[in-house]
Amino acid sequence: MPILEITDLTKRYGDTLAVDGVSFSIDEGETYGLLGPNGAGKTTTISMIVGVLDRDGGEVRLDGRLHSVTNAETKALIGYVPQDLALYQDLTARENLRFFGRLYGLAGAEGTRKVGEVLEAVGLSDRANEQVAKFSGGMMRRLNIAIGLLNKPRLLILDEPTAGVDPQSRNAILNTVQQLAGEGVAVLYTTHYMEEAERLCDRVGIVDLGRMKAEGTRRELVSLVGENDRVLLKGDGDMKQAAAVLSGMPDIKQVTVDGADAELIVTDARGTLPGVFETLTRAGVHVRSVEVREPDLEAVFLHLTGKALRD
Ligand SMILES: Nc1ncnc2c1ncn2[C@@H]1O[C@H](COP(=O)(O)OP(=O)(O)OP(=O)(O)O)[C@@H](O)[C@H]1O
C-alpha cells in the first residue's frame, strides 16, 4: 500500500517547466531515490509534496488521502528535512528538539521521551547537551533529521541530507535511514551520491529537465538501458582457444583475450558464470581469478541524461 502517491505534478516558473507531469509512489518501508542533475526539479517536486510550494497541476495523496497544506491529517504523516539547516545555534541539541517538539504539541514526559528517542536515532545522545554552534556540519544535519522525526512520520523526505558532511556523520545518516525504513517508514531521498542511492534505495527515479526519464530497481534500470555486465577473468592455459568456445555461448556478446586475461561482455553475469567455468575447465583452463562488474546507476544515469550526476 503506497504511503505517498503523486500524479502528474507540475510547476511552471515563467517559461520554465520546472516539474513536468511527474508521477511516482512510495510504499511503506520503501526507500525511493530521486536522482537528477542540478536544476532537474527535485527540490521543486519535494516542495510541492510537502506543501511549501503551490503546484500548478497534479495530485498528492498520503496514505490514500488527498493532501494539501490545509489538511492537518495528511501533513502530520510527513517528516521533512530540507537542504538548509533550521537550527538555533545558541541552544543545545536537546533544547532545539524541545522547542520544535512543542510546535508539534510534544511536551512533558512524552516530549522528553520523544526527544531522547530521536537523539538516539541519529546517534547524538552523547552530545545532546552541547550548544549547536559547536557542532560539525554533519552533526547539525543529523540534528535537522532528528527534528524531522519528532512527529513520528510515516513518510520521511530528505533533500540531499549528506551534502558536504564528514564521513562519520554520513555513515550515521545512512544507518538512520536504513533503520527507519526497516521500521516501516517510507523514505523519499535525493542525493548527488550514486553509491548512496545504490546502498539505500529500493527504487530510483531519474529526473531531468522536470521530467521522469525512468524509474525502477537498479536491475530494472540497468536492463532498460541495455547496459551489459563485464566479467574479467585470469586463467592458466590456452585462453585463446577457450575464448573461441566462449564466444559461441548464447549470453556472451563479446570476448577479448590478452595473454592470461579475458574480458567477457555478458547480459547476466551471475547466470552465465557457471557455464563459463564449465567451458573453461573443459578447455583445460584453470581460472585464477574472476571479477564481475555490473553496470551501476552512474552508467544508467549517464545513458539517460547524458550528464554525470555530480558536476
Ligand atoms: N523560485 C524560482 N524561480 C524561478 N525558477 C526557479 C525557482 N526555483 C527553481 N527554479 C528553476 O526550476 C528548475 C528546477 O529547480 P530545482 O531547484 O527544483 O532543481 P533540483 O533538481 O532540486 O536541483 P539541485 O540538484 O541543484 O538542487 C531549475 O531550472 C531552476 O532554475
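The values are calculated or read from the model by the stated rules, or taken from the named source; none is laboratory data. From a predicted model like this one, the values you see are computed outputs, not experimental measurements. FYI the Cβ positions are ideal-geometry reconstructions off the backbone, even for glycines, and counts take in every protein chain you see. Note: accessible area is taken over every heavy atom of the protein model, side chains too, but ligands, DNA and RNA are not part of it. Shrake-Rupley method; radii C 1.70, N 1.55, O 1.52, S 1.80 Å.
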Checking the structure you have, find out if any residue of the range 184-192 is touching a helix residue (DSSP H, G or I) at 6+ places or on another chain (Cβ under 8 Å), of a type outside the set (Phe, Trp, Tyr) and open to solvent by 70 Å² or more (accessible area, probe 1.4 Å). no
Can you tell me which of (1) touching a Lys or Arg at 6+ places or on another chain (Cβ under 7 Å); (2) in contact (Cβ under 8 Å) with a residue 40 or more places away in the chain; (3) under 25 Å from Pro2 (Cβ atoms) is the one Ala197 doesn't meet? (1)
Condition check: surrounded by 13 or more Cβ atoms within 10 Å (Cβ to Cβ), within 22 Å of Val300 (Cα to Cα), within 34 Å of the chain's Cα centre (by Cα) and at pLDDT 85 or above. Does Val231 satisfy that? yes
From Asp27, Asp54, grab the single residue that is free of Cβ contacts under 8 Å to residues at least 40 places away in the same chain and assigned by the TED database to the domain that holds Leu200. Asp54
Matching entry among Gly259, Gly226 (being open to solvent by 20 Å² or more (accessible area, probe 1.4 Å), out of contact with any helix residue (DSSP H, G or I) (no Cβ under 7 Å at 6 or more places or on another chain), at pLDDT below 85 and not aliphatic (A, V, I, L, M)): Gly226
Do any strands (runs of 3 or more DSSP E) lying entirely in the range 1-60 carry at least 1 residues that are over 25 Å from Pro161 (Cβ atoms), and which ones are they? 2-13, 16-27
What is the one condition in (1) open to solvent by 40 Å² or more (accessible area, probe 1.4 Å); (2) assigned to a helix (DSSP H, G or I); (3) farther than 17 Å from Gln168 by Cα that Lys152 does not satisfy? (2)
Here are the criteria: (1) small (Gly, Ala, Ser); (2) surrounded by fewer than 20 Cβ atoms within 10 Å (Cβ to Cβ); (3) under 24 Å from Ile173 (Cβ atoms). Tell me which single one Gly14 does not satisfy. (3)
Report, by residue number, each residue of the range 146-167 that is within 16 Å of the ligand (Cβ to nearest atom) and either touching a His at 6+ places or on another chain (Cβ under 8 Å) or among the acidic types (Asp, Glu) (or both). Asp159, Glu160, Ala163
Could you run through the range 86-107 and say how many residues are touching a residue at least 12 places away in the same chain (Cβ under 8 Å), open to solvent by 70 Å² or more (accessible area, probe 1.4 Å) and farther than 12 Å from Ala133 by Cα? 3
Please determine, by comparing only the residues of the range 20-39 that are touching a helix residue (DSSP H, G or I) at 6+ places or on another chain (Cβ under 8 Å) and surrounded by 19 or more Cβ atoms within 10 Å (Cβ to Cβ), which one is nearest to Gly64 (Cα to Cα). Glu30
Here are Gly216, Gly205: which of them is modelled with pLDDT of 90 or more, among the small types (Gly, Ala, Ser) and within 16 Å of the ligand (Cβ to nearest atom)? Gly205
Would you be able to tell me the number of residues in the range 46-78 that are crowded, with 19+ Cβ neighbours inside 10 Å and either more than 16 Å from the ligand (Cβ to nearest atom) or over 19 Å from Val177 (Cβ atoms) (or both)? 9
